[in-house]
Amino acid sequence: MLMKAVILLSGGVDSTTLIYQALADGCQPYAISFDYGQRHRRELQSALAVANAAGVFEHQIVRFDLRLWGGSALTDNSIDVPKERPFDTIAQNIPVTYVPARNTIFLSFALGYAESIYAERIYIGVNALDYSGYPDCRPDYIQAMQKVFRLGTKQGVEGNPIHIYTPLINLRKTEIIQLGNKLSVPWELTWSCYNGGNLACGVCDSCRLRRSAFTELGLVDPITYAQ
């Protein structure tokens, strides 16, 4: 019987690679995505497309609104999304695209979902080397959350904790794309841009990191950019 695994799916490069990695690991994937009041819903279109392409067993979309308190360029339209920043400055400080406690919130929902279906794993595409500087993408944070999973769930206290899998945490974006190519990830379905619209902006941090990685590998990014 296949292991059940919940995958946090945003529709981007990293989370899409996770879906295909979970399949390669012999898991039955259950995807969970979040409509949390982010700047745009375009990424959810990609999440749906990726989930369908990968043939996930079930795809949940959880809706709540973090615009209630804002605090991020992704949940407050009065805060501009940074653009065309030099790569060597991106990781110097936690950027305004950081959403307060987002991964803790996401993992809490994923944990409730995972325990309700008796899943053994949760996959999350956090990355400590991707220039983001986000505090909730680091190994010590994941280790702390794993302890929460063990102490705060029925499965955990009964000796069968749900494990957090972070196969991308120590990979560069170029290495993630190389892994995705080996797994036949459909990059044309993915979305990385922080801004909404019919085309990716091409100038936000996320677009630039993605484009740079494809270029460094000598590959053509199959999505179209406005700039």
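What follows is calculated from the coordinates using simple rules that are stated; it is not laboratory data. The shown structure was predicted, so the numbers you read here are calculated from the model rather than taken from an experiment. Cβ coordinates were reconstructed from backbone atoms using ideal geometry, including for glycine residues, and neighbour counts include every protein chain displayed.
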Inset, instruction - Filter the DSSP H helices in the chain by two things, a Kyte-Doolittle mean of at least -0.5 and an axial alpha-carbon span of 20 angstrom or more, and list the hits by number. - result: 102-116
Inset, instruction - Multiply the residue separation of V148 and S212 by 0.36 nm, subtract the distance between their alpha-carbon atoms, and state the gained length in nm to one decimal. - result: 19.4 nm
Legend entry - Backbone N within region 173-198 under 17 Å of label point (7 Å from N52 Cα along the Cβ vector): 186-191
Inset, instruction - Name the residue farthest towards the positive end of the dipole of the chain from the options I19, V96, P222, assuming +1 on Cβ of Lys and Arg, -1 on Cβ of Asp and Glu, about the Cα centre. - result: V96
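What net charge is computed for the residues neighbouring Q146, neighbours being all others with C-beta under 12 Å from the C-beta of Q146, Lys and Arg scored +1, Asp and Glu -1? Walk me through the intermediate numbers first.
On the way: positive: R121, K147, R150; negative: D140.
With Lys, Arg at +1 and Asp, Glu at -1, the net is +2.
Below 8 Å, C-alpha to C-alpha, sequence gap of six or more: please give me the relative contact order for region 3-216 in percent.
Numbers: 383 pairs, mean separation 55.8, N = 214.
The normalised contact order for region 3-216 reaches 26 percent.
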Inset, instruction - Please work out the C-alpha center-to-center distance from region 184-203 to region 99-175 and express it in whole Å. - result: 24 Å
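Take every DSSP beta bridge whose two residues both sit in the chain, then give the antiparallel share in percent to the nearest 5. Mind dumping the intermediate values first?
Details: 1 of 20 bridges.
Beta bridges within the chain, antiparallel portion: roughly 5 percent.
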Legend entry - Of the trypsin sites (Lys or Arg not before Pro) in region 6-56, those whose Cβ has at most 13 other Cβ within 10 Å and which sit in DSSP loop: R41
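Check each of the chymotrypsin sites (Phe, Trp or Tyr not before Pro) in region 75-176 and keep only those in coil by DSSP with at most 14 other C-beta atoms within 10 angstrom; list them in order.
Working: sites: F87, Y98, F106, F109, Y113, Y118, Y123, Y131, Y141, F149, Y165; in loops: Y98, Y118, Y131.
The qualifying sites are Y118.
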Inset, instruction - Within the set of other residues whose C-beta is less than 10 Å from the C-beta of Y36, count the net charge using Lys and Arg as +1 and Asp and Glu as -1. - result: +1
Inset, instruction - Please give the length that would be gained between A24 and M3 if that part of the chain were fully extended, namely 0.36 nm times their separation in residues minus their C-alpha to C-alpha distance (nm, one decimal). - result: 6.4 nm
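Show me 53-59, 175-181, 217-223 ranked by packing, highest mean number of other Cβ atoms within 10 Å first. List each step's numbers first, then the result.
Working: 53-59: 16.1, 175-181: 18.4, 217-223: 13.9.
By packing density, highest mean first, the sequence is 175-181, 53-59, 217-223.
Given charges of +1 on the Cβ of Lys and Arg and -1 on the Cβ of Asp and Glu, with all other atoms neutral, how large is the dipole of the chain about its Cα centre, in debye to the nearest 20? Walk me through the numbers on the way to the answer.
On the way: 20 positive and 21 negative charges, 22 e Å.
About 100 debye.
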Inset, instruction - Using a 10 Å cut-off on Cβ atoms, rank the peptides 11-24, 73-86, 194-207 from the highest mean neighbour count down. - result: 11-24, 194-207, 73-86
